[in-house]
Amino acid sequence: MFKNFILVLFILFSASSFANVDIKLACEEKKEQQRSLLKRLSTSVTEAHLAGQCTGYNLYYMKDIEWKASCSEFLEQKKSLLGSLSTSLKEAHLAGICVGAIYRIAKRCKVDTYKINYPYVASGDLTVRKVEERLGCYGGQYGR
C-alpha cells in the first residue's frame, strides 16, 4: 500500500515538473552538465529535461531543431503511465527541446507562459508558424 502511494506521488510530481519552465535554471543545469566529469552518470531525467529546455529555447528558430521527434517524445512522456520512470536521458533531453522551443516562441509573442497547454501546442506536424498559430500570436484566441 505504502509503495503504491509513493509511486503515485512520484508520477504526479514528475508529470507536473515537465510543465514548469524556468529557462535560467534550465541553462544553468545545461552548463553544469557540460562541466561535469561524469556527465551522464550524474544526470537525472529531470536534469536532462531541463538541459533540453535550454537547448530548445536557444535553437527554436533553426532548421536543425527536430520538431516532430522532440514533440512526439514530449507527448509520449505525458501519456505514459510510468512518467519519467520509463524515460531515458536522451528522451528526456529531446522532450525538453520541444518545451523550450515552445516557451521561446510564447515569450516572443508575449503569451502568458503560465497558461501554455504544452501538449496541445506540441501535437500535430509542427513548424514555428504552427506553434505561433496555436499560441495565438496572430490575434487568434489561444487554445483554439
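Just so you know, in region 77-106 the residues that are surrounded by 14 or more Cβ atoms within 10 Å (Cβ to Cβ) and charged (D, E, K, R) include one that is modelled with the lowest pLDDT, and it is Lys78. Does Ala69 satisfy the criteria of being within 13 Å of the chain's Cα centre (by Cα), over 19 Å from Val21 (Cα atoms) and either of a type in the set (A, V, I, L, M) or at pLDDT below 90 (or both)? For Ala69, the condition - within 13 Å of the chain's Cα centre (by Cα), over 19 Å from Val21 (Cα atoms) and either of a type in the set (A, V, I, L, M) or at pLDDT below 90 (or both) - is met. Among the residues of region 112-144, those that are assigned to a loop (DSSP other than H, G, I, E, B) and more than 30 Å from Ser44 (Cα to Cα) comprise Gly136, Cys137, Tyr138, Gly139, Gly140, Gln141, Tyr142, Gly143, Arg144.
The values are calculated or read from the model by the stated rules, or taken from the named source; none is laboratory data. Quick caveat: nothing in here was measured; it's all calculated off a predicted structure. All Cβ positions, glycine included, derive from the backbone under ideal geometry; neighbour counts span all protein chains shown.
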